[in-house]
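The values are calculated or read from the model by the stated rules, or taken from the named source; none is laboratory data. The structure presented is a predicted model; accordingly, all values stated were derived computationally and were not measured. With ideal geometry, Cβ positions are generated from the backbone for all residues, glycine too; neighbour counts draw on all protein chains shown. Keep in mind that these areas ignore ligands, DNA and RNA; they rest on the heavy atoms of the full protein, side chains included. Shrake-Rupley method; radii C 1.70, N 1.55, O 1.52, S 1.80 Å.
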Amino acid sequence: NAGYGKTAQNVIEKHAWSAYKDIMETLGCSAITNPVSAMMTTAIVQCVLLAAQNQLHGLGYISCSVTTDGFISDCPYDVLTGLDLYGVRSCMEEARLFLTGGEDPEIWEIKHRQDDLVNFTTRGNVSLLAHGVCAHNGAKSGFESDSHEDRLWLMTQVLSRTGTISCTEMQWPSFKDIVHGKTDFRVVPAVRHLRMDFDLKRKPDRGSMKTDCPVVNGVSYEMAHFDTVPYENVAEFCLYRKKKELCDCLRTVDEWEAFFLKVDTDGCKGIVKDLEWSVLASVIMGYRSGRWEIPALEGKTVAEKCAWINRHNSSSRKYKESDWKNARRPDRQSGMLPDTFLMDKLSELQADC
């Protein structure tokens, strides 16, 4: 990876301010910029990582928090080094021998070793052990980096968050602002608000969702734990990322269930806060618009109808006469849930004659 930065310089055009001309200029390519070489540098390593993950999964091990140059796994080191990587290992070892003058064929290196871990996003992982991982995801605690106090701050902030976490760091002024007289040459504290939610680079597997309760210094915290699977397509990935922006926090199972509800009701114009209520109200809307029949509602007064509907209402919110009257309004009808959410409740109402 050593040459990657220069071979990739300005592959995607970047600009920098020129103090001499007082304008923004393109950064320009380096003498060895080569998009093919840059792509191959990362692509080869990513292929090795994918091969390792697939083979480890087949052996019953897990991997998480995979980045371009490494990953976290529960496999023993000798198992990792014993993988043939579908034949790629010999090629990588040959390249290593070339790069080290024939002295070292090793392609793996242990960066951290630990038996505790809070993994909250791709570049957010923390252990309380001094020799464990401590990837801050951009956060700064104010303590010495990787110290026990720093690790404890990060772990407890992540495990107790209800939204973004706040941290203060010293901010340097830009040379441009100094030259233009917008600021003095001084470093000032700046507060940053950072999200520590899973970045959704892979799709959370709903069927694996469970609650973990890690205990730190005698305090028990709640955190959702789940496996991930590939997205079906780009559109599904974009939908998940869009719905994430509507969530204040994705830490607990309840918060993830609220997120999945937003995903499932994407085509619905209304905002679903109480699923049980929305399902019941949507079924009655369908009846009021003539889409299906509910025999028990025939021949009753509005008050009797509402009383009967509430017998099938598991929500804390009561179905009122005003809800019945408003159920035919076009603006309410446009907020109906998709039929896939309604069939069980509709069958229940139709069966109660």
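In the chain, the DSSP beta bridges split such that about 100 percent are antiparallel, to the nearest 5.
Expressed as a whole percent, the accessible surface of the chain that belongs to carbon and sulfur atoms is 53, based on a 1.4 Å probe.
Coordinate range of the alpha-carbon atoms in the stretch 65-160 per principal axis, descending: 47, 24, 19 Å.
The stretch 323-349 and the stretch 144-200 have Cα centres separated by 47 Å.
Other residues whose C-beta falls under 12 angstrom from the C-beta of Arg317 contribute a net charge of 0, scoring Lys and Arg +1 and Asp and Glu -1. Annotation: amide H-H contacts under 5 Å for Thr252 (H modelled 1.01 Å from N, sequence separation of 5 or more, or interchain): Ala224. Placing +1 on the Cβ of each Lys and Arg and -1 on the Cβ of each Asp and Glu in the chain, which of Tyr319, Ile62, Phe237 has its Cα farthest towards the positive end of the resulting dipole? It is Tyr319. What the stretch 28-159 shows is 57 Å² of accessible area per residue, with the surface traced by a 1.4 Å probe over protein heavy atoms. Look at the dipole of the chain built from charges on Cβ: of Cys353, Leu200, Met24, the Cα furthest out on the positive end belongs to Cys353.
About its Cα centre, the dipole of the chain is roughly 1720 debye, where the only charges are +1 on Lys and Arg Cβ and -1 on Asp and Glu Cβ. Across the stretch 5-138, the fraction of Cα-Cα pairs farther apart than 17 Å, rounded to a whole number, is 70%.
Across the stretch 329-334, computed HN-Hα scalar couplings (Karplus, 6.51 cos²θ - 1.76 cosθ + 1.60, θ = phi - 60°) run 5, x, 5, 6, 4, 5 Hz from first to last residue, x flagging Gly and Pro.
Looking at the stretch 276-353, the accessible area is 54 square angstrom per residue; that uses a 1.4 Å probe and ignores ligands, DNA and RNA.
Applying 0.36 nm per residue to the separation of Cys47 and Ala95 and subtracting their alpha-carbon distance, the gain on full extension is 15.8 nm. Using the charge dipole of the stretch 119-223 (Lys, Arg: +1 at Cβ; Asp, Glu: -1 at Cβ; taken about the Cα centre), state which of His180, Ala139, Val215 has its Cα farthest towards the positive end. Value computed over the given set: His180. Taking amide H as placed 1.01 Å from N in the peptide plane, Lys203 has its amide H under 5 Å from the amide H of Val229, Tyr231, each at least 5 places away in sequence or on another chain. Note on the stretch 280-353: the C-alpha convex hull projects to 4.6 nm² when averaged across all orientations.
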